[in-house]
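Below is one structure, written out as structure tokens; comments come after it.
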Amino acid sequence: MNAPLQHTTVLLGEAVDALLGGAGPAPAGVWIDATFGRGGHSRKILDRLGPGGGLVAFDKDPEAIAEAARITDARFSIRHEGFRHLADLPERSAAGILMDLGVSSPQIDSPDRGFSFRFDGPLDMRMDTTRGTSVADWLATAEVGQIAEVIRDYGEERFAGPIAKAIVARREERGPLATTAELAQLVAGAVKTREAGQNPATRTFQALRIFINAELEELQQALEASLRVLAPGGRLVVISFHSLEDRIVKQFIVQHSKEVFDRRAPFAQPQPMRLKALDRIKPTAAEIAANPRSRSAVMRVAERTEVPA
């Protein structure tokens with residue numbers, strides 16, 4: 001019997017301290033772990049919560065839901081939904097919201113999930129394997145232009161065009177791609193140069209995963225929902241792992257960290273700022289040495305400002 005795949009939570013202590021506003025016991029309230037994963041952050045938050053606190057977690061991966069079922073703490077509940085469903089929570093109900101946008105190590109390291117070019121397995125990549133379209137199914141019908149656009153926009157891959165043409169040519173000659181090894185080999189033949197130490201398929205796999213799970217769109221929806229759900233003084237903590245995510249988070253915080261003036265009504269009171277940017281944190285050298293997958297992580301912290309009555 002195979003041993004369960006392990007996951008090391010990135011910026012564990014830093015994220016929970018930032019969320020709770022310090023290293024001491026958590027203030028009373030309901031806290032949100034918007035991306036449960038394998039529960040590292042959730043368990044740490046529960047350790048700090050008092051008897052009157054509560055923790056609500058979200059995840060759309062059935063394996064994450066199964067892991068969450070092992071937590072028997074009455075203060076904890078899990079919802080089998082993506083974190084865009086933060087919008088379903090009551091207004092000003094959350095004392096703090098944590099979003100860890102990384103793919104968990106068990107997801108990456110399981111060949112059956114199809115996230116990694118390091119293992120041969122079904123070309124799936126869905127976060128929620130109970131619904132939606134797999135990468136293999138999408139690539140079986142998508143046009144060259146659609147494939148190239150996805151790989152270019154979500155993978156920042158300069159060889160997106162040749163890769164897309166190679167995928168469609170392979171489909172027409174021998175049938176659709178079905179496995180991660182087939183896709184990785186095809187991409188390697190289409191990518192002429194690559195940064196030292198990076199597999200040629202890295203950007204393509206990232207792009208297809210982001211697209212098939214609508215990751216950036218869901219992030220935008222969740223960030224907007226956080227403004228309504230956070231109580232005044234509540235913390236928003238977001239850990240991202242690539243530039244596309246971090247750019248969205250940074251721009252969102254900047255946008256809502258300033259007063260907005262209506263040029264059509266120059267004497268009217270400006271719309272007050274809704275967030276206050278607090279910090280930007282990266283893993284220490286020691287954490288990166290112990291967990292190389294943490295090297296690209298960036299954590300941004302903001303606080304919900306007072307909401308006028």
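The values are calculated or read from the model by the stated rules, or taken from the named source; none is laboratory data. Predicted, not measured: the structure shown is a model, and the values here were computed from it. Note that we place each Cβ from the backbone using ideal geometry, even for glycine, and neighbour counts take in every protein chain shown. When the accessible area is computed, the model is the full protein with side chains, heavy atoms only, and any ligands, DNA or RNA have been set aside. Shrake-Rupley method; radii C 1.70, N 1.55, O 1.52, S 1.80 Å.
Who wins for biggest fluctuation among Ala94, Ala231, Ala289 in a Gaussian network model of the chain, springs between alpha carbons below 10 Å?
Ala289
How large is log10 I(q)/I(0) at q = 0.16 Å⁻¹ when the Debye formula is applied to the Cα atoms of the chain, each weighted equally and without solvent?
The calculated log intensity ratios at q = 0.16 Å⁻¹ are -1.30.
How big is D for region 1-122, in µm² s⁻¹ as a whole number, if Stokes-Einstein is applied with the Kirkwood radius of its Cα pairs at 37 °C and 0.692 mPa s?
Values: Rh = 15.2 Å.
Rounded to a whole number, D works out at 216 µm²/s.
Can you compute log10 of I(q)/I(0) for region 45-106 with the Debye formula, treating each Cα as one identical point scatterer, at q = 0.12, 0.18, 0.20, 0.28 Å⁻¹?
Each listed q maps to, in turn, -0.32, -0.75, -0.92, -1.46.
Would you mind checking the tilt of helix 180-190 against the longest principal axis of the Cα atoms of the chain, expressed as 0 to 90 degrees and rounded to 10?
70 degrees
Looking at the P(r) of region 88-245, how many percent of alpha-carbon pairs lie beyond 25 Å? Please report the intermediate quantities before stating the final value.
Numbers: 4481 of 12403 pairs.
Cα-Cα pairs of region 88-245 separated by over 25 Å account for 36 percent.
Can you tell me the 0 to 90 degree angle between the C-alpha axis of helix 215-229 and the longest principal axis of the chain, rounded to 10?
10 degrees
Please work out how much accessible surface Thr35 shows to a 1.4 Å probe, ignoring ligands, DNA and RNA, in Å² rounded to 10.
Approximately 30 Å² for this residue.
Which longest run of the chain has no exposed loop site in it, a site being trypsin sites (Lys or Arg not before Pro) in a DSSP loop with at most 16 other beta carbons within 10 Å, and the site itself not part of the run?
Details: sites that count: Arg70, Arg92, Arg118, Arg131, Arg158, Lys192, Arg194, Lys258, Arg263, Arg264, Arg295.
Here the longest run is 1-69.
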